[in-house]
Each structure stands twice: as C-alpha cells, then as structure tokens.
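Student: Below is one structure. I have some questions about it.
The values are calculated or read from the model by the stated rules, or taken from the named source; none is laboratory data. Remember, predicted model here, so these are calculated numbers, not experimental data. In this analysis, Cβ positions are derived from the backbone assuming ideal geometry, glycine residues included, and neighbour counts consider all displayed protein chains.
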Amino acid sequence: MARAPLLQLSDISLTFGGDPIFSALGLVVQQGDRVALVGRNGSGKSTLMKVMAGLVEADSGTRVVPPGVTVGYMEQDPDLSGFETLGDFAASGLDPAEAYKVEMVAEGLKFKPETPVATASGGERRRAALAKLLAEAPELMLLDEPTNHLDIEAIAWLERQLAETRTAYVLISHDRAFLRALTRATLWIDRGTVRRQETGFDGFEAWRDKLWEEEDEARHKLDRKIKAEARWAVEGISARRKRNQGRVRALQGLRAERAAQIRRQGTADMVLEGGQKSGKKVIEARGISKVFGDRTILSDFSLRILRGDRVAFVGPNGAGKTTLLKMLTGEMAPDTGDVVLGTNLQMAVFDQNRAQLDPKMSLWESLTGDAEMRVSGKADQVLVRGQPRHVVGYLKDFLFDERQARAPVSSLSGGEKARLLLAKIMARESNVLVLDEPTNDLDVETLDLLQELLGDYDGTVLLVSHDRDFLDRVASTTIAMEGDGRATVYAGGWSDYQSQRSEVETQKKDVKTNTSAAKVKPAEKAEAGGLSFTEKHRLEELPSVIERYEAEIAKLEEFLSAPDLFTKEPLKFQKATDALVERHAALAQAEEEWMMLEEKATL
C-alpha cells in the first residue's frame with residue numbers, strides 16, 4: 001500500500017553568494033520514513049533541511065506539506081530570546097497540560113529545565129531544542145546533528161526513542177553507529193544533486209563507491225571520445241569541411257559536456273607527523289584523586305600509558321573525563337597522588353570548545369597569528385612541520401577555498417572549524433595527541449581519513465569521544481568513568497568495553513544468586529555423582545565454553561599469520577597477541593575445571 005507523502009520538494013533551486021547550492025532538486029518524504037541525509041561538509045545538508053522546514057525560501061520551485069501535517073525542526077543554534085529558562089523554551093509549543101512531556105524528555109537527555117537561558121551553555125541550548133521537538137512529536141521530525149553535545153548514555157536513550165517512534169524523520173549525523181541503527185533510506189547530497197537509496201546508512205558507502213566508479217568509467221569513455229574526435233578534426237577536416245560541420249559541432253558539444261561536469265570534492269590532504277620519539281613511558285599516574293566541593297570526581301586511580309598507546313576516555317557528561325585528561329597531561333594537579341610525565345614529550349591538543357580559534361579572526365589571521373606557525377618577515381606564509389607554506393595553499397589542503405581565507409572564523413560551519421583546528425595541530429610535529437571530542441561535525445570521509453592518520457601515527461593518542469564507531473576503530477584501551485570517583489580500565493575500544501563490562505555484571509549477578517541460594521540452603525544437597533546442582537550445571541556448560549575459546553584462538557592465530565602484520569599494523573599485532581595469550585590461559589583454566597568436575601562426578 002502506498003504511503004502518504006508528508007513533504008514534497010519540486011524543482012528547488014537555491015543560490016548563495018553567486019554559487020548555486022541546488023538546481024532543479026526534488027524529493028519526497030513519506031509516512032514512516034527513517035532517512036539519513038548525508039554529504040560532505042559544506043554540501044548543503046543543513047541548508048536543505050532548512051528548506052524542508054520552511055525556514056529558508058528557495059529561489060524557485062515548490063514546497064508542499066499536506067494540510068494537517070506538522071513538520072518540526074531541531075535547530076543547531078536555537079533562538080531562546082524571550083524565555084527565562086530552558087524549560088520555558090522547550091514547552092513553548094505545548095498545551096500547559098502537556099508540559100510534563102518536557103520533564104520526561106529532559107531526564108533522558110540530561111538537561112535541567114530550570115536552567116536560566118542566560119547561563120546555559122551551547123550544548124544545553126541544543127538539548128533544549130531537541131527536547132522541544134521530541135515533546136511536540138510532529139508528524140515529521142528534521143534532526144540536524146542531534147547527538148552533538150550528548151554523552152553516550154543520552155545518545156543510547158535518544159536511539160531507543162527514535163527506534164520506537166512511529167514518527168517519520170530525516171536525520172543528519174556524523175555518528176555512524178547511530179545512523180546504522182536507525183535509518184532505512186538514504187538521501188545523498190553530492191555536488192548539488194540529491195539521490196535517494198532505499199537502504200539505510202549501513203549500505204551507503206558501498207552504494208556511493210559504486211556510483212562514483214560508474215561516473216569515473218563514463219568520464220573516461222567521454223575523454224577517449226573527445227580525444228579521438230579532436231584528432232579527426234585536426235587531420236581530416238580540411239578535405240571535408242562542408243560535409244562535416246555537424247561533426248565539429250558535436251565535438252564542441254562533447255567538450256562543453258565535459259567542462260560542465262563538476263569534479264568531486266577530494267579528501268583533505270592531511271598529514272600527521274610524529275616528532276622525536278618520546279620515552280617508552282609517556283605518563284604514569286599513581287593513586288591520584290580529585291574532589292570538587294562535595295563531589296568526588298576521581299578516587300585512588302593509577303594508570304601507566306606507554307609510547308604508542310591509544311587511550312580513550314568514556315562516560316557521561318560531567319563524569320570527569322576532561323578533568324582526568326587535564327591531570328594526566330599536567331594541566332591540572334590532582335588532590336592526592338602524583339602524575340609523572342615521560343621524557344621528550346611534544347603535546348598537541350584538540351580542544352572540544354575550539355578555544356584556540358578566535359571567532360573574530362579570519363582564517364588567514366588564525367594561522368599566521370599562531371606564534372608556532374609564524375614565519376618571520378613573511379606575512380603570507382606559515383610554518384608547517386618546519387617548512388614555510390603559503391597560507392592559502394595550506395588552507396586548500398584542508399578543503400578551504402581562496403575566498404574563505406579572509407572570512408571570519410565565526411562564518412564557518414562546525415565541520416569547517418574542526419578542520420581549521422586540525423590544520424593548526426597538524427602544522428607542528430608532536431608525539432602525544434590529546435583529542436577532546438575531535439569527531440563532532442566532521443563528515444564521514446574526513447573521519448575515515450583521521451582514523452587512518454591516527455592508525456599510522458608513531459606517537460601516543462589520548463582521546464575523549466562519544467562516537468562509538470570511532471572509538472572502536474581507534475582505541476586500544478578504554479577508561480570508563482563510572483561515577484562516584486570510579487574509573488575502570490578495559491582493553492580495546494567501545495564494543496570491547498561493553499562486552500567486558502557485560503561479563504563482569506553477569507559474574508556479579510551469578511555471585512549474588514549463589515550467595516542468596518547459600519543463605520536459603522546452607523548445605524546444598526549434592527545430587528547423584530557427588531555434584532551439587534550448580535556444579536552439574538557448570539559441567540554441562542563447560543564443553544561449549546571450551547569450544548568457544550578454541551574457535552577464538554583459531555581466529556586469532558589466523559589473523560596473526562599474516563606475514564606483514566607486525567610491520568604494517570604493530571598495534572593490532574600486539575592487541576591480537578595479548579588476546580591470544582589471554583584466551584590460551586582461559587582455555588587451560590576451563591579444561592582443568594572440566595577435568596576436576598568430571599572426576600568428581602564419577603566418584
């Protein structure tokens with residue numbers, strides 16, 4: 001059965017500053033749609049969403065919303081003027097009897113409705129805008145980067161809400177895991193054209209690469225045809241001038257067609273170079289703690305970070321991730337314990353608040369005004385890893401064009417600000433990277449490149465992020481800030497942490513259950529064969545446990561058998577080796593336990 005359309009755009013054209021953003025664009029959003037809206041930074045995703053919301057009027061074309069259908073839009077920078085508190089703003093579109101909905105949503109999104117607008121941070125304002133949209137529950141929700149400024153717990157809550165809702169939505173996000181979990185269709189903006197694929201984001205990259213491959217093949221054929229026709233024009237036209245003017249005009253048409261094709265935006269030409277090698281021990285924290293007022297941020301925490309480690313810090317907003325990072329890097333002193341920094345450290349810091357960027361400065365001034373990048377006597381050059389570069393040329397490496405060089409930083413999108421900050425960091429050599437929320441606003445292609453650069457980086461990486469996919473791709477160790485001053489170290493990335501935590505919780509429940517059973521039955525009656533009920537159950541379970549360990553060992557041994565793994569991926573090699581040792585030990589322990597129980601059963 002056909003679904004009713006909620007929104008239709010037809011022949012939409014829009015131009016900003018002389019440059020066409022869209023031309024003859026059309027799309028339809030229907031009931032039940034769960035759509036990912038994807039594209040490069042600067043491709044017009046947010047602009048298109050504002051056109052869909054009716055907030056930006058197109059130069060030409062029509063926007064049709066059927067009578068009775070409501071369309072809600074979550075703004076990245078909401079206007080809260082005229083409201084005293086965040087709760088007043090979030091409830092402004094609701095009947096007073098429905099104001100309770102804001103309280104319910106606020107709990108999941110972790111913001112306080114009573115917070116005064118005057119003192120609210122940018123992240124709190126965005127959460128209030130998201131709460132307003134969710135509480136109003138329109139027929140179509142337009143969500144522009146809803147996970148920015150949310151911690152992982154709040155992202156998980158939002159993911160559950162959107163998975164359960166019957167409301168249609170269009171979603172812009174850099175969070176791969178979020179998009180994969182929620183979307184069933186994809187709108188892709190590429191050079192002013194919008195394409196739709198009836199599969200979720202999980203299939204987007206394969207679809208995109210296939211279309212680009214077909215485009216490259218067609219362009220190659222066109223180039224060969226132009227070359228052949230141009231040769232004919234030079235060698236044969238003089239003898240058959242009158243009869244072949246049509247062919248000449250066709251050649252001109254081919255050239256015009258080729259010239260009209262818009263080149264794809266390449267990936268940023270980022271380079272991340274390590275400086276001199278640091279000492280093997282980079283940071284050692286011994287028994288450190290931190291208390292703010294009556295709140296314990298960290299209690300008796302110890303950690304050793306070695307050269308080449310990729311350490312991720314996760315936990316709810318306000319749990320103390322950035323505080324712990326500042327103590328480990330020497331920016332903040334712990335209340336107790338001590339932190340010892342290794343030798344020859346060269347730190348580069350990516351600040352989540354972009355504090356290194358002055359919004360009033362131009363991009364040019366932001367780079368040339370940096371003391372570490374300044375070239376004496378050369379106002380148009382910057383020092384990039386010890387070599388002078390023209391400032392515009394270096395900006396082009398990070399996908400900025402010449403016209404943007406003199407524009408203020410305040411005019412940049414979130415993704416462009418992130419790229420500018422990366423340009424400042426990557427201009428200097430380092431052996432310790434401190435990345436506090438580096439993934440916010442970056443498009444998929446730039447995230448892929450950043451991940452590759454971090455994989456090849458010779459130094460040490462300390463990373464705070466709420467992007468689960470990025471954590472899985474980069475981190476070799478995860479430190480979870482679990483509240484009440486507890487910080488727990490886990491091997492691997494986000495998925496590894498979740499798995500290990502789940503195992504620990506299961507073991508705790510088993511211990512609690514067994515303890516409770518022991519209280520009820522102090523002397524558990526042994527069944528036939530001399531085994532208690534618990535032992536009998538364990539004996540039945542152990543063969544599958546042993547089989548699982550053997551399968552995991554086989555997979556790890558196969559992975560480690562690659563001849564160039566150690567040289568090309570030393571971190572993965574070390575991680576797999578450690579896991580193999582751990583699995584062998586667990587297998588030996590399980591086999592020993594099985595033999596003991598089997599022997600006891602025969603008594």
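Student: Output the residue which, of all residues in region 523-572 that are of a type in the set (Val, Ile, Thr) and either assigned by TED's automatic domain parsing to the domain that holds residue 476 or closer than 21 Å to residue 584 by Cβ (or both), is modelled with the lowest pLDDT.
Tutor: 545
Student: Hey, among 373, 347, 332, which residue is assigned by TED's automatic domain parsing to the domain that holds residue 395, under 28 Å from residue 409 (Cβ atoms), among the aliphatic types (A, V, I, L, M) and surrounded by fewer than 17 Cβ atoms within 10 Å (Cβ to Cβ)?
Tutor: Matching residue, one of 373, 347, 332: 332.
Student: Provide a single number: the residues in region 41-68 that are part of a strand (DSSP E or B) and among the hydroxyl-bearing types (Ser, Thr, Tyr).
Tutor: 2
Student: Residues to consider are 25, 9; find the one that is in contact with a helix residue (DSSP H, G or I) (Cβ under 9 Å, 6 or more places away or on another chain), modelled with pLDDT under 90 and not basic (Lys, Arg).
Tutor: When all the criteria are applied, what remains is 25.
Student: Scan region 172-199 and report the pairs whose first residue is within 18 Å of residue 53 (Cα to Cα) and whose second residue is among the acidic types (Asp, Glu), with Cβ atoms within less than 7 Å and a gap of 6+ or a chain change.
Tutor: From residues that are within 18 Å of residue 53 (Cα to Cα), the pairs are 172/144; 172/145; 173/145.
Student: Would you please name the residue that is farthest from the chain's Cα centre (by Cα), looking only at residues in region 425-479 that are outside any helix (DSSP H, G or I) and among the hydroxyl-bearing types (Ser, Thr, Tyr)?
Tutor: Here the residue is 430.
Student: Identify the single condition in (1) within 20 Å of residue 126 (Cα to Cα); (2) part of a strand (DSSP E or B) that residue 14 does not satisfy, given that it satisfies every other one.
Tutor: Condition not satisfied by residue 14: (1).
Student: While we're here: Can you give me the number of residues within region 183-203 that are outside any strand (DSSP E or B) and surrounded by 22 or more Cβ atoms within 10 Å (Cβ to Cβ)?
Tutor: Total meeting the criteria: 2.
Let's see how each residue does on (1) in contact with a Leu (Cβ under 7 Å, 6 or more places away or on another chain); (2) within 26 Å of residue 201 (Cα to Cα); (3) loosely packed, with under 14 Cβ neighbours inside 10 Å:
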site: 23; (1), (2), (3): no, yes, no
site: 35; (1), (2), (3): yes, yes, no
site: 54; (1), (2), (3): no, yes, yes
site: 80; (1), (2), (3): no, no, no
site: 116; (1), (2), (3): no, no, yes
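Student: Looking at the structure I just gave you, is residue 482 surrounded by fewer than 20 Cβ atoms within 10 Å (Cβ to Cβ) and under 20 Å from the mean Cα position of the chain (by Cα)?
Tutor: For residue 482, the condition - surrounded by fewer than 20 Cβ atoms within 10 Å (Cβ to Cβ) and under 20 Å from the mean Cα position of the chain (by Cα) - is not met.
Student: Which residues, taken from region 313-336, are closer than 19 Å to residue 278 by Cβ and within 21 Å of the chain's Cα centre (by Cα)?
Tutor: 325
Student: Being modelled with pLDDT of 90 or more, in the same structural domain as residue 446 (by TED's automatic domain parsing) and surrounded by fewer than 16 Cβ atoms within 10 Å (Cβ to Cβ) is the requirement here; does residue 287 meet it?
Tutor: In short, yes.
Student: Consider residue 488 carefully, then state whether it is part of a loop (DSSP other than H, G, I, E, B), polar (S, T, N, Q), modelled with pLDDT of 80 or more and outside the structural domain of residue 588 (by TED's automatic domain parsing).
Tutor: Considered against the rule, which asks whether it is part of a loop (DSSP other than H, G, I, E, B), polar (S, T, N, Q), modelled with pLDDT of 80 or more and outside the structural domain of residue 588 (by TED's automatic domain parsing), residue 488 comes out as no.
Student: Within region 385-407, can one find any residue that is outside any helix (DSSP H, G or I), assigned by TED's automatic domain parsing to the domain that holds residue 316, buried (at least 18 other Cβ atoms within 10 Å of the Cβ) and free of Cβ contacts under 8 Å to residues at least 12 places away in the same chain?
Tutor: Yes, the conditions are met somewhere in region 385-407.
Student: Scan region 90-104 for residues that are surrounded by 13 or more Cβ atoms within 10 Å (Cβ to Cβ) and free of Cβ contacts under 8 Å to residues at least 40 places away in the same chain and jot them down.
Tutor: 98, 99, 101, 102, 103
Student: Kindly indicate which of 107, 136, 164 is out of contact with any His (no Cβ under 7 Å at 6 or more places or on another chain) and touching a residue at least 24 places away in the same chain (Cβ under 8 Å).
Tutor: On inspection, the qualifying residue turns out to be 136.
Student: Residues being farther than 21 Å from residue 441 by Cα and assigned to a helix (DSSP H, G or I): count how many of those fall in region 127-143.
Tutor: 4
Student: Out of region 281-328, which residues are assigned to a loop (DSSP other than H, G, I, E, B) and at positive phi?
Tutor: Across region 281-328, the qualifying residues are 293, 308, 315, 318, 320.
Student: If you don't mind, another one. Can you tell me which of 222, 187 is modelled with pLDDT of 90 or more and either under 25 Å from residue 24 (Cβ atoms) or of a type in the set (D, E, K, R) (or both)?
Tutor: Exactly one residue qualifies, and that residue is 187.
Student: Every residue in region 50-81 that is small (Gly, Ala, Ser) and either more than 14 Å from residue 125 (Cα to Cα) or touching a helix residue (DSSP H, G or I) at 6+ places or on another chain (Cβ under 6 Å) (or both), please.
Tutor: Of everything in region 50-81, those that are small (Gly, Ala, Ser) and either more than 14 Å from residue 125 (Cα to Cα) or touching a helix residue (DSSP H, G or I) at 6+ places or on another chain (Cβ under 6 Å) (or both) turn out to be 53, 54, 58, 60, 61, 68, 72.
Student: Tally time: how many residues in region 69-126 are out of contact with any strand residue (DSSP E or B) (no Cβ under 9 Å at 6 or more places or on another chain) and in a helix (DSSP H, G or I)?
Tutor: Number satisfying all stated conditions: 23.
Student: Residues of region 168-184 being under 24 Å from residue 16 (Cβ atoms) and modelled with pLDDT of 90 or more, which ones?
Tutor: 170, 171, 172, 173
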